Structures are given as C-alpha cells and as structure tokens.
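*Asks:* My questions all concern the structure below.
No value in this document is a laboratory result; all are computed from the given coordinates. Keep in mind it's a predicted model, so treat the numbers as computed, not measured. Virtual Cβ from ideal backbone geometry, glycine too; neighbours counted across all protein chains shown.
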Amino acid sequence: MKTFGFKGLLQNEGWLQPAYVSCNDQGIIATISDTRPAENPVESIEGFALPGFQNAHSHAFQYAMAGLAENDTGTSASKDNFWSWREAMYQVALTIEPDQLEAIATRLYAEMVRLGYSHVAEFHYLHHTPDGKPYNNKAELAEKLLSAARTAGINITIIPIFYQKGGFGTAPGDRQKRFICRDRFTYYELWQTTEALCNQHSHANIALGIHSLRAVEPDEILATLHEARPNLPIHIHVAEQRLEVEQSLQFLGQRPVEWLAGEAGLNENFHLVHATHLTSREIESITDAGAQVILCPSTEGNLGDGLFAFEKFQQHKGKWSIGTDSHIGLNPFEELRWLDYGQRLSTHNRITYRSSAQRSGGIAAMEPCIGYGREAMGNHQKAFFQAGSPFNALVLDAANPLLASTGFDHLIDTILYAGDATFNLGTIINGQWVVKRNQHVAMDKINRDFAQAVKKLR
Ligand SMILES: [Zn+2]
C-alpha cells in the first residue's frame, strides 16, 4: 500500500483539502481521506490533484503532420481548406509503416500524459498494408497502437472503424485503400480480431466506430448498428463540414444528424464527433436521446470547420467531451479555453460553462469533460476519484506563485484560463508517476524512436 498526500484533490462536490489517497500495488484506490493515515508511509506532494483527462477522439498517425499543412498554396484562400488538408493527410496515411506508426503514437501518447490525459480513444481506420491488403495479423496496426499506449503509460480504447466508400455514393479512391472494409462482415472480422487483442491487455478496451455517413453505405450502417453488441460506445464523425451536410441532403435527403436520429435511432451510446453544423431540431434530437458529442476545438479551429452551437446545446443539458483529433493542439485546458472563447466571441457574452449549482465556470467544465469523456471509453464511473478504481490524476504545482496566491474557489479557473504546461507537476496513471516535472519516465528513448520514424517518413 502506498499513500499520496496532496494539498487538495478535486472531487465532484469540490476540493478535499488536504487529501490522502492510498493505493494498492496495482494502483487501485483503497481509501481517500483528509486525515493522514498512521499506518502507511506518505509521499507528500506540494500539489493539487485533478482527475486524469479523457481524450475521446484521436487519429494518432496525424501527429506526424502537425504543423505541416499551413502553407499558403498561392492560389486562392478557398483552396486551403479541409479537403486540401485531407489530401496532405492521405499522403502520410499511404506511406506510414507499422513501426513508424508505433513510434509516432508512442510520442503522441506520452505527450498526452504529460499534459494530463490518462485515457485516449483511438478512432482507428488505418487498417491495411500500403498496398491496401490486410496484414497477416488483421489487427497489426491496432497492436502497434496498444503497444504505443503501454510504453507511454496511457489507457486506451481502440475503436476499429468501418470505412467502406470514397464519399456519398462513390467508390473508395486509391488513396483510401488502407482504410477500406468491403462490407460489414469484413469489418466484424477485423473488429473481433482487435477485441481478442484488447482482451489480453489491462490498459485497453474496445468500442464500435463508423467513419461517417459519407464513408459507409446507409443500409450497412443500419445493419452494423442493429447487430452491435448492446452498451458499446458508438463513435461516428458527423456534420464537420458544410459540404458534407449538403451532400448528405442530396444523397440521403436529410442532414446527417437528422438521418441518424430518424433512421438509426440515437441513444446514450452514441458519441457524435464534431457535430459542428446542426439545426435546432438536430440539437434537440441529440439531447432528447441522451446521445453525446465529442468536441475537438483546436482541430476544428485549425481546419476551419466552424463553431459548435455550444450555448444552445448546454441549454438542453447536452452531454459533451473533448478530443484532440489531428493533434495540432494537445493540452486539455487549451481545448476547454478554445471551446469557451469561440462562444464568447460569437455570442458577445462571458461565462460559457454553466452549472445549476452556480459553481465556477472551470468546475462546471470539468464534470462533463471527465464524466462523459469516460463514457466515450465505455467507463461509467461518475465520481472523479473513488475507492476501488484506478488512481489517475494530473497534479498541478501548488508552489506556482499564481496558483499559490489563488484560493480554492478560483483555482480551476486560474489553471484553465491563465495556465500552461509549466503549471503541471506531473501525471499519475494507475497509481504510478508516469510524468514528473514535464519529463516522461521513458522520454529519451521515445524521442529517439520518434525522430527516426518521422525522418524516414518524410
Ligand atoms: Zn476525426
């Protein structure tokens, strides 16, 4: 048994101060108390502990191109858009080898841990060899991602993605050949192989995923959802781009969320990624069904997607979580700040994150972001920390002069709006320090492997 002592630990109802968290050798919390336990040695930490963040949407390979698609093409501004970025992304997807994927994902996940994430959901559609043929082990690349997560010390939910077509009513293009499952039966085979793999690892589990309405035939989507095991989280990209909504109207006669709500039937297992362009009726169809959205503000900003109608969504008590998607930004507080400031700039109001208990905005943001983020992983734990669950925490530096002079009432807000990664003291996952003082325990090797992989890739 080991005990961590903190100046404060954030619970759903507020700060426990001081806080003593005792864990067993597997990193499972045995007790949480404000009294120092007499029987155990205590590691006293000059820090404030927050629950580990949940990164509900990731495409790991895209980390290799972070910042590489920012050139003005010299043609017209409208040409440097999501679709031109997608072409650059395909270039990486077409060439990356399994070991390169592992090295890139390992560094990405290690950075996520450094910035406070303890869990990532990998929206995994890069399935096949560069020739577009299945690997001998169908889940070869999922295995590399699992291995990357283990080295980085992060928990992972693998979401094997069903990707069948090039767009609404179009056959897949040559540049998408590594993503494609011919039909849902080929997808099931891939899914089952991946599930067997996940079952062998305590840091991994599995969810179900469909790339988007444009990437799978409508009847195949409906059959896949109908035949899915109950209670699995279901992840799908929806309404990220205006063009996608227009094409959905042409091809399906309905907007993406309208179609999903009407034809598939939304429920609390659905995690709709982006959902940027919604009508008021679509917002209500999501919230009435208890379905959830995954917002990726730094990527959505980088790709020029648009602003999610967060204010309206909150009025209907919508459930949301965050993800870093293309990984152009990786800091969870930055995602929350982007999400908030986008709303302030468009509504001319302040205080975006609201709670019925009139708590501070920062606290109001933490509860959905952690709780629904966990649901995106298939974990229904509501309490930030509880006995019997793994101890996962981001620890902030209580000696930081700004934090030291801020009272507990405003602590989360100061961290969220005025902080950066230098405020982080470290990250504990499954009861172990994985990052301390901005240094991952295995960073030297992780960085070397990453540099080699990226050099070869480019
Ligand atoms: Zn995505």
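*Asks:* Not counting the cut sites, what is the longest span of the chain without GluC sites (Glu not before Pro) that DSSP labels loop and that have at most 11 other Cβ atoms within 10 Å? Provide the component values of the computation, followed by the final result.
*Replies:* On the way: sites that count: 13, 39, 70.
It works out to 71-458.
*Asks:* Please rank 296, 369, fewest neighbouring Cβ atoms within 10 Å first, as an exposure proxy.
*Replies:* Values: 296 31, 369 23.
By the 10 Å Cβ count, ascending: 369, 296.
*Asks:* Could I ask something else about it? Which of the chymotrypsin sites (Phe, Trp or Tyr not before Pro) across region 180-276 are loop residues per DSSP, with 13 or fewer other Cβ within 10 Å? Don't skip to the end; give the middle numbers.
*Replies:* Values: sites: 185, 187, 188, 191, 251, 259, 270; in loops: none.
Of the chymotrypsin sites (Phe, Trp or Tyr not before Pro), not one in the loops of region 180-276 has a Cβ with at most 13 other Cβ atoms within 10 Å.
*Asks:* Taking the 0 to 90 degree range and rounding to the nearest ten, how far is the long axis of helix 443-457 tilted relative to the main principal axis of the chain, both from C-alpha atoms?
*Replies:* Between helix and principal axis, roughly 20 degrees.
*Asks:* Moving on. Most exposed first by the Cβ proxy, i.e. fewest other Cβ within 10 Å, how do 112, 89 rank? Before the final figure, lay out each step's value.
*Replies:* Values: 112 30, 89 20.
Final ranking by Cβ density, sparse to dense: 89, 112.
*Asks:* Let me ask you something else. Taking the Cβ of each residue in 7, 319 as the centre, tally the other Cβ atoms inside 10 Å and list the residues starting with the fewest.
*Replies:* Values: 7 21, 319 18.
Result, fewest neighbours first: 319, 7.
*Asks:* So for each of 428-440, 170-182 I average, over its residues, the number of other beta carbons within 10 Å; can you give me the resulting order with the highest mean first? Can you show the working numbers first?
*Replies:* On the way: 428-440: 18.5, 170-182: 15.9.
Averaged packing, sorted descending, gives the order 428-440, 170-182.
*Asks:* How big is the equivalent ellipsoid of region 356-430 along its three axes, where each semi-axis is √(5λ) from the Cα gyration tensor, reported in whole Å from largest to smallest? Working shown, then result.
*Replies:* Values: eigenvalues 109, 56, 22 Å².
Here the semi-axes work out to 23, 17, 11 Å.
*Asks:* What full-extension length gain, to one decimal in nm, is calculated for residue 410 and residue 445 as 0.36 nm per residue of separation minus the Cα-Cα distance? Let's see the in-between values first.
*Replies:* Details: separation 35, 0.36 × 35 = 12.60 nm, distance 3.86 nm.
Net length gain for the segment: 8.7 nm.
*Asks:* How much length, in nm to one decimal, is gained on full extension between residue 432 and residue 418, taken as 0.36 nm per residue of separation minus their Cα-Cα distance?
*Replies:* On the way: separation 14, 0.36 × 14 = 5.04 nm, distance 2.77 nm.
Going from the current span to full extension adds 2.3 nm.
*Asks:* For the chain, what does the convex hull of the Cα positions come to per residue, in cubic angstrom? Write down the numbers at each step before the final one.
*Replies:* Working: hull volume 66.3 nm³, N = 458.
Given the Cα convex hull of the chain, per-residue volume reads 145 Å³.
*Asks:* What is the calculated FRET efficiency for residue 219 to residue 25, with r their C-beta to C-beta distance and R₀ = 56 Å, to the nearest 0.05? Write out the running numbers ahead of the final one.
*Replies:* Details: r = 50 Å, r/R0 = 0.90.
So, using R0 = 56 Å, E works out to roughly 0.65.
*Asks:* Counting Lys +1, Arg +1, Asp -1, Glu -1, what net charge surrounds residue 308 among other residues with beta carbon under 14 Å of its beta carbon?
*Replies:* Details: positive: 242, 312, 319, 344; negative: 240, 282, 300, 305, 311, 325, 335, 340.
Taking every Cβ under 14 Å from that of residue 308, the sum is -4.
*Asks:* Among the aspartates and glutamates, select those whose C-alpha is under 16 Å from the C-alpha of residue 456, and discard any that sit fewer than 8 residues away in the same chain.
*Replies:* 97, 99, 102
*Asks:* So between residue 349 and residue 226, what do we pick up on full extension, going 0.36 nm a residue minus the alpha carbon distance?
*Replies:* Numbers: separation 123, 0.36 × 123 = 44.28 nm, distance 4.25 nm.
Going from the current span to full extension adds 40.0 nm.
*Asks:* While we're looking at this one, here's another question. Counting only helical runs of four or more DSSP H residues, what would the 222 nm mean residue ellipticity of the chain come to if each run contributes -39,500 (n - 2.57) and the total is spread over all its residues? Don't skip to the answer; put the middle values down first.
*Replies:* Numbers: 15 runs with 166 residues, N = 458.
Rounded to the nearest 500, the figure is -11000 deg cm²/dmol.
*Asks:* I've got another one for you. So what is the relative contact order of the chain, in percent, for Cα pairs below 8 Å that sit 6 or more residues apart?
*Replies:* On the way: 928 pairs, mean separation 93.7, N = 458.
The value is 20 percent.
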